[in-house]
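Beneath this line is the structure, given in structure tokens, with notes to follow.
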Amino acid sequence: MTTATPRPVAILGAGNMGTALAQQIAGNGHPVRAWSIEPDVLAEIRESHLNTKYLEGIQLHAGIEPVSDIAEAIGGAALIIISVPSQVVASVADDVAKHASSGQIFLNVAKGIFKGRRMSEVLTGALKGSGPIVGSMGGPAIAIEMAGGVPTAIIVGFSDDAASATVQATLQNESLKVQTTSDVTGLELCSSMKNVYAIALGMGDGLGYGTNTKAFLASIALEEMAAICTGAGGLQETAYGLAGIGDLLTTGFSQHSRNRTLGDKMGSGRDWEHFAKENTVEGIEACNAIRDLTLGQGYKTHLLDTIYEALFLGRSPEDSIRHFFSEFAY
């Protein structure tokens, strides 16, 4: 069990992952304030300790306090976890900056890239007046499984070792293991890239390919992730760890994954564009951003280019994948 002294933790965003983290942290004995802009979600947590919209079937810990005011949520909190989609992290951070205090630790959960910036860069830019300590979370964690106590391992990255230790002690318990790293760049890039490559694995599903094909695509994805990670200043070991291959396997194989589901719809000829409009699919924006990062770098990203063509250049997923196979050579 955790050895951290119980102090208030604020979780901004009571979606599936935010609520799952709240469940773990409250179970470790820390008071948790869960903030959301959804009154129905807050009301259900308050009245029945449930969040059926995002975590159906999970009885929530009584130590989770639903809060609608962001200032109340973060006031006096030692740790502030921001668990909202990547495209709204900046706006939430702007609101947080008005009330944040020096010394508070901020942990980003979003696995995406916003306007070419990694999430820690977005947060640091918005929170600079408070001298923020900012890091990110990665790794293979399906929220409903984590909330239910299924053994899960995640990784948190901070340049500040003391912050890493605090977050690790706050989150870790018998079922949730927390690895730490100082490679924030690599962690955030891998966390974003796995969403992109999960689309390709889903495309293979939609096209009816088997396990052989999926394993091949996953292997090529990992090779490209490692090259991109190290090329941008991250560590190769990050790509081969929880934030890279670990999260890629979860996202690319899980039926809960929106990125894999998008690829599945693309491969099977269903209306994937409507699905993308109705759901947060981080891999779409990340594909653009990662491809911009790789242009002119001199290493091959054939699978990334294949996904880009299918998403943005109007090439059919079937043609894109078949062209990838026909042209690929070791």
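For the reader, a short list of remarks on this structure follows.
- Residue selected from the stretch 93-104 under the condition touching a Phe, Trp or Tyr at 6+ places or on another chain (Cβ under 9 Å) and assigned to a helix (DSSP H, G or I), by the criterion surrounded by the most Cβ atoms within 10 Å (Cβ to Cβ): 96
- Residue 59 being at pLDDT below 95 and not charged (D, E, K, R): no
- Among the numbered conditions (1) among the aromatic types (Phe, Trp, Tyr); (2) in a loop (DSSP other than H, G, I, E, B); (3) within 27 Å of residue 159 (Cβ to Cβ), the only one that residue 197 does not meet is (2).
- The single condition among (1) assigned to a strand (DSSP E or B); (2) under 25 Å from residue 52 (Cα atoms) that residue 134 does not satisfy is (2).
- Looking only at the stretch 100-143, and only at residues there that are of a type in the set (Gly, Ala, Ser) and under 10 Å from the mean Cα position of the chain (by Cα), the one that is nearest to residue 257 (Cα to Cα): 141
- So residue 263, is it out of contact with any Leu (no Cβ under 6 Å at 6 or more places or on another chain) and assigned to a helix (DSSP H, G or I): yes
- Residue ID - surrounded by the fewest Cβ atoms within 10 Å (Cβ to Cβ), chosen from residues in the stretch 110-124 that are of a type outside the set (Val, Ile, Thr) and in a helix (DSSP H, G or I): 121
- Top-ranked residue in the stretch 33-69 [being over 25 Å from residue 256 (Cα atoms) and assigned to a strand (DSSP E or B); ranked as nearest to the chain's Cα centre (by Cα)]: 33
- Taking the stretch 287-298 as the range and being out of contact with any Phe, Trp or Tyr (no Cβ under 6 Å at 6 or more places or on another chain), under 17 Å from residue 190 (Cα atoms) and touching a residue at least 40 places away in the same chain (Cβ under 8 Å) as the test, the residues that pass are 289, 290, 292, 293, 294.
- Filter pass, residue 107 being outside any helix (DSSP H, G or I) and either at negative phi or touching a helix residue (DSSP H, G or I) at 6+ places or on another chain (Cβ under 6 Å) (or both): yes
- Test: residue in the stretch 146-156 that is of a type outside the set (A, V, I, L, M, F, W, C), in contact (Cβ under 8 Å) with a residue 24 or more places away in the chain and buried (at least 24 other Cβ atoms within 10 Å of the Cβ): no
- Screening the candidates 245, 284, 307 for the property of being closer than 22 Å to residue 183 by Cβ, among the β-branched types (Val, Ile, Thr) and not assigned by TED's automatic domain parsing to the domain that holds residue 142 yields one hit, 245.
- Summed over the stretch 185-203, residues that are surrounded by 24 or more Cβ atoms within 10 Å (Cβ to Cβ) and more than 27 Å from residue 149 (Cβ to Cβ) total 12.
- For the condition under 25 Å from residue 291 (Cα atoms) and of a type in the set (Phe, Trp, Tyr), residue 158 does not qualify.
The values are calculated or read from the model by the stated rules, or taken from the named source; none is laboratory data. Being a predicted model, the structure only gives us computed values, none of them experimental. Note that we place each Cβ from the backbone using ideal geometry, even for glycine, and neighbour counts take in every protein chain shown.
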